[in-house]
Amino acid sequence: MAPIFVASASMRLIGALTLHTRQIILIAALVFVAALIGSLSRPTGFLAAFWPANAVLAGLLLRNVLLSRISVLLAAAAGYTAAAIVVGDQLGPASVMTLANIIGAATVAAVLGTGSAQDRTLSRPQGVVALLMASIAGSASGAMVGGLAMVDLVSGSYFDGWSAWFAAELVNYLALMPVVLTWPAEGIRIGRPGSQAAPIAALAAAVALSLIVPHPVAIVFPVPALIWCALSLPMVATSILVMLYAGLAMLGLKLGFFTYGLGSASTMMVHLGIALVALGPVMVASANVERRRQMERLLRMAQHDGLTDALTRGAFTEESRTLWDALVSEHAPVAVLLVDADHFKQINDTHGHAGGDRVLVAVATAIKTSIRQGDLFGRIGGEEFALVLPRVSLREAAAVAERIRHAVADLTVALDGDDAQNVTVSIGLAFSADGAPPIVEMISLADRAMYDAKRAGRNRVEVYQVPPEEMQGH
């Protein structure tokens, strides 16, 4: 009973903590775990082969907007200190290194935080350049303090200690910060392997080969595979693979897999080389993200009307035919709506084309807010819009049409000066319960019903239902 009582009391205590306190505890825990992982990567010597804690702290400073930076830094200091105690480090040198870690991470966050949101998520190449500049600044500022602790450890001058700290930290930031910055808030969704397996397999083989071949140049064997990954995988996946490569390379360097026979100067240069290797694939992946975004923007511009954001006539025709094939194979009910703004020529003549454009935008917005998700909506003429409503009953289709008609009728469009324009639409609805005729014919039937609505007085919906014998003939 005692353990159950203690656990219950602990849960009640955690639940009683404020959100701010829980976040502080979580930050301290994250830094503690990251520092502990880094401490375990010290096969020999005091300096870790891979140190993720500072990149984690810099990311928390950049991404956590609910807490002050002072509270985050104090929580991080507690995490660093707790990890040093657990691994048995001397508190004197550990305290100096903790201060250096905090200064470096805070500098990275301060420099990178001045950029745009796109830069902070590395969604364009300028963001990778900003990350490089921030990492150099953070590594240099942290090394100013860390170099003091490194003097005895590297058995050299203060500059030797500063250089060793700077080079190691630069690799850590460039290898780890992309993961921290690009990690999606909703988590990573794992899709089908598909073509993604090949570049990952190539990278694994290249890394294995680099550890087997006893030659200094082997450390760059994985570079072509990393570039392939950057071109084939999402940004966060590429960042993770770069992080794993850099971690293995630095650990291999520490364990003597890559020996150059030039002492500490060689180690520093290899660290800088790994940093540049890590930067290359991230830059390629970022450029790929930017290219895809631009392609999507151009495709959207080609497929959507620039004024109303509805599908263009060509895009609507293409997408409706694809949808139609699926509906016919399912024998699913479908409706086609033609929506035409009433007296639009008079509006254009009275208020000019600018006034007419405002009316069209307002009508399109009213239509989009009235239809269902999955309905196709396009502009097929000057003031004429078309919709395909898949898998819908006649009653539901008529309800959507009436909802559109009422939404437009409730509009009052502000024009130049104090003028305002009320708008109505006439809607033709063609419905087929099963085995629908071709989309072109359904649009023609809806167009006929729409003109019936105009002849009947406008601001109304007219319905044409495909007779069963007509459906059977198709």
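Laboratory data are not the source of any read-out in this text; all were calculated from the coordinates shown. Just so you know, these numbers come straight off a predicted model, no measurement behind them. Note that we place each Cβ from the backbone using ideal geometry, even for glycine, and neighbour counts take in every protein chain shown.
Ranking Leu394, Leu174 by Cβ neighbours within 10 Å, fewest first, what do you get? Mind dumping the intermediate values first?
Working: Leu394 15, Leu174 26.
So the ranking, lowest neighbour count to highest, is Leu394, Leu174.
For His304, list long-range residues whose amide hydrogen, built 1.01 Å from N in the peptide plane, is under 5 Å from its own amide hydrogen.
Those lying under 5 Å, H to H, from His304 are Thr312.
Between Thr424 and Leu244, how high is the FRET efficiency from 1/(1 + (r/R0)^6) when r is the Cβ-Cβ distance and R₀ = 56 Å? Nearest 0.05.
Numbers: r = 63 Å, r/R0 = 1.12.
The pair Thr424/Leu244 has a calculated efficiency of 0.35.
Classify the stretch 313-472 as rounded, prolate or oblate from the Cα gyration tensor: take a ≥ b ≥ c as the square roots of its eigenvalues, call it rounded if a/c is under 1.5, otherwise prolate when a/b beats b/c and oblate if not.
On the way: a/c = 2.25, a/b = 1.99, b/c = 1.13.
Prolate, because a/c is 1.5 or more and a/b exceeds b/c.
Which value, in debye to the nearest 20, describes the size of the charge dipole of the stretch 313-472 about its Cα centre when Lys and Arg Cβ atoms bear +1, Asp and Glu Cβ atoms bear -1, and nothing else is charged?
Working: 16 positive and 24 negative charges, 39 e Å.
Around 180 debye, computed over the stretch 313-472.
Can you give the FRET efficiency to the nearest 0.05 for Ala287 and Lys368, using r as the Cβ-Cβ distance and R₀ = 25 Å? List each step's numbers first, then the result.
On the way: r = 34 Å, r/R0 = 1.36.
According to the calculation, E is roughly 0.15.
Using a basic spin-label model with each label point 7 Å from the Cα along Cα→Cβ, how many nm lie between Ala414 and His343?
2.3 nm
Quick check: residue separation of Gln126 and Met144 times 0.36 nm, minus the Cα distance between them. What number comes out in nm? It would help to have the intermediate numbers written out before the result.
Details: separation 18, 0.36 × 18 = 6.48 nm, distance 2.74 nm.
Taking Gln126 through Met144 to full extension adds about 3.7 nm, to one decimal.
Working out 0.36 nm times the residue gap between Arg403 and Glu330, then minus their Cα-Cα distance, what length gain in nm do you get to one decimal?
Working: separation 73, 0.36 × 73 = 26.28 nm, distance 2.72 nm.
Taking Arg403 through Glu330 to full extension adds about 23.6 nm, to one decimal.
Do you know the relative contact order of the stretch 313-472, to the nearest whole percent, from alpha carbon pairs under 8 angstrom that are 6+ apart?
Details: 294 pairs, mean separation 47.6, N = 160.
Taking the mean separation of contacting Cα pairs over the length of the stretch 313-472, I get 30 percent.
Between Thr350 and Thr114, how high is the FRET efficiency from 1/(1 + (r/R0)^6) when r is the Cβ-Cβ distance and R₀ = 51 Å? Nearest 0.05.
On the way: r = 51 Å, r/R0 = 1.00.
According to the calculation, E is roughly 0.50.
So how much slack lies between Asp452 and Met301, counting 0.36 nm per residue of separation and subtracting their Cα-Cα distance, in nm? Write out the running numbers ahead of the final one.
Details: separation 151, 0.36 × 151 = 54.36 nm, distance 3.41 nm.
Going from the current span to full extension adds 51.0 nm.
Would you work out which of Ala335, Ala401, Tyr464 lies farthest towards the positive end of the dipole of the stretch 313-472, given +1 charges on the beta-carbon of Lys and Arg and -1 on that of Asp and Glu, about the Cα centre?
Selected residue: Ala401.
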